[in-house]
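Structure, as C-alpha cells:
The values are calculated or read from the model by the stated rules, or taken from the named source; none is laboratory data. If you're wondering where the values come from, they're calculated on a predicted model, not measured in any experiment. Every residue, glycine as well, gets a Cβ built from its backbone with ideal geometry; the counts of neighbours run over all protein chains shown. What goes into the accessible areas is simple: the full protein's heavy atoms, side chains included, and nothing from ligands, DNA or RNA. Shrake-Rupley method; radii C 1.70, N 1.55, O 1.52, S 1.80 Å.
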Amino acid sequence: MTMRVAVAASGGGSNLEALLRALGPAAPARVVLVLSDRAGAGALARAGRHRVPSALLAHPTDPQEWLAALERHDVDLLVLAGYLKLVPVEVVEHYRGRIINIHPALLPTFGGQGMYGRRVHQAVLASGTRESGASVHLVDEAYDRGPVLAQARVPVLPGDDPDTLAARVLEAEHRLLPAVVLAAAAAGRPVPLPDIVETHP
Ligand code: GRF
C-alpha cells in the first residue's frame with residue numbers, strides 16, 4: 001500500500017523538491033498534500049509545478065484546519081520540512097508517531113525554539129565543533145525534541161561560514177529525508193535508520 005505523505009513547509013521547499021523527485025510513480029510513498037503557513041512560500045509553487053494539491057493554512061494555530069486537510073487527503077505521514085511554527089498539540093496527539101521533522105544540525109545539540117536557518121549554523125561554527133549534519137526526528141509538543149530517527153553527518157571545514165556550512169548540510173538533508181520517508185513506507189511507520197556519514201573530498 002502506498003504511504004500517503006503530507007509535507008508542511010514555510011519556505012523555499014528544497015526538501016519538498018527532493019522528496020517529490022525521490023518518490024516517483026513506483027515508490028511506496030507519495031506526496032499527496034503540501035501545507036504552508038505562508039502565501040509566498042516557494043514550497044506552494046513547487047507543489048503546483050508537480051501538480052500536488054496544496055493548501056495555505058489561514059489559521060496555522062487552529063488544529064481543526066490541519067486535521068480537516070490531513071483527513072481529507074487520507075494522510076498517513078506528516079513531514080515538517082522547514083515548517084517554522086509549532087504544529088498544534090491536538091494534531092501532534094492525533095498523529096503521534098507519524099509526524100517527522102528535519103532539522104539542519106545534529107540534535108540534541110543546536111535545536112529548540114529560535115534555532116532555525118542561519119542561526120543554527122552560526123551556533124555550530126561558534127562552538128568549534130568539527131562536525132555538523134542533519135537530523136530527522138519524531139515530532140512531539142516541543143521544538144526539535146522528539147526522538148531522533150536518523151542523522152546525516154558532514155564535516156565542518158576550515159574557512160566555513162554559515163552559508164557554506166548551510167549549503168553542505170542542505171545537500172545532506174536532500175538525501176536523508178527521502179531515505180527516512182522510504183524506510184517509513186517500507187515499515188508502515190517512521191523507523192530509526194543508521195547514520196549516513198558524508199565525507200568531503
Ligand atoms: C532546512 O534546512 C530544514 O532543515 C529546516 O529548514 C530548511 C528548509 O529548507 N528545518 P527548504 O525550505 O526545504 O529549502
### Query
What relative contact order, as a whole-number percentage, does the chain give when Cα pairs under 8 Å and 6 or more residues apart are counted?
20 percent
### Task
First obtain the Kirkwood hydrodynamic radius of segment 43-104 from its Cα pairs, then insert it into the Stokes-Einstein equation at 20 °C and 1.002 mPa s, and state the resulting D in µm² per second as a whole number.
171 µm²/s
### Summary
Within the set ALA134, ALA126, ALA45, GNM on the chain using Cα springs under 10 Å gives the largest fluctuation to ALA126
### Task
From largest accessible area down, sort ARG72, ARG145, ARG38; use a 1.4 Å probe on the protein chains.
ARG72, ARG145, ARG38
### Message
Whole angstrom only: what separates the Cα centroid of segment 3-29 from the Cα centroid of segment 147-199?
### Response
15 Å
### Summary
The local net charge around PRO155, scoring Lys/Arg +1 and Asp/Glu -1 for residues other than PRO155 whose Cβ lies under 13 Å from its Cβ, equals -1
### Task
Mind listing the long-range amide H neighbours of ASP37? Cut-off is under 5 Å, sequence gap 5 or more, other chains count too, H placed in the peptide plane at 1.01 Å from N.
ALA9, LEU57
### Task
Determine ³J(HN,Hα), in whole Hz, for all residues of segment 147-162 in sequence, where each value follows from phi through the Karplus function 6.51 cos²θ - 1.76 cosθ + 1.60 and θ = phi - 60°; x replaces Gly and Pro.
x, 6, 9, 7, 9, 10, 9, 10, x, 8, 9, x, x, 4, 10, x
### Message
Can you divide the C-alpha Rg of segment 131-201 by 2.2 N^0.38 Å and report the result to two decimal places?
### Response
1.19
### Query
Which of LEU107, LEU86, LEU44 moves most in a GNM of the chain, Cα contacts under 10 Å?
LEU86
### Query
Given charges of +1 on the Cβ of Lys and Arg and -1 on the Cβ of Asp and Glu, with all other atoms neutral, how large is the dipole of the chain about its Cα centre, in debye to the nearest 20?
420 debye
### Query
For the chain, what is the calculated [θ] at 222 nm in deg cm²/dmol (nearest 500), taking -39500 (n - 2.57) for each run of four or more DSSP H residues and dividing by its residue count?
-10500 deg cm²/dmol
### Summary
Listed by chain and number, the residues whose amide H is under 5 Å from that of GLY146, excluding neighbours fewer than 5 places away on the same chain and using placed H, are ASP140
### Whole-Hz ³J(HN,Hα) from phi, Karplus 6.51 cos²θ - 1.76 cosθ + 1.60, for segment 8-22, glycine and proline x
10, 8, 9, x, x, x, 5, 5, 4, 4, 4, 5, 4, 6, 6
### Query
Viscosity 1.306 mPa s, temperature 10 °C: Stokes-Einstein D of segment 55-201 from its Kirkwood Cα radius, in µm² per second?
100 µm²/s
### Selected from GLY13, GLY97, GLY114 as most flexible by GNM, with the chain as the system and alpha-carbon contacts under 10 Å
GLY114
#### Entry: Distant-in-sequence amide H partners of TYR83 (H built 1.01 Å from N, under 5 Å)
SER10
### Query
Within the P(r) computed for segment 38-142, what percentage of the Cα pairs occupies the region above 24 Å?
32 percent
### Query
For THR129, what accessible area in Å² do you get when you roll a 1.4 Å probe over the heavy atoms of the protein chains, rounding to the nearest 10?
50 Å²
#### Entry: For segment 1-66: relative contact order, % (alpha-carbon pairs under 8 angstrom, 6 or more apart)
33 percent
### Task
Could you give the size of the charge dipole of segment 76-129 about its Cα centre, using +1 on the Cβ of each K and R and -1 on the Cβ of each D and E, expressed in debye and rounded to the nearest 20?
200 debye
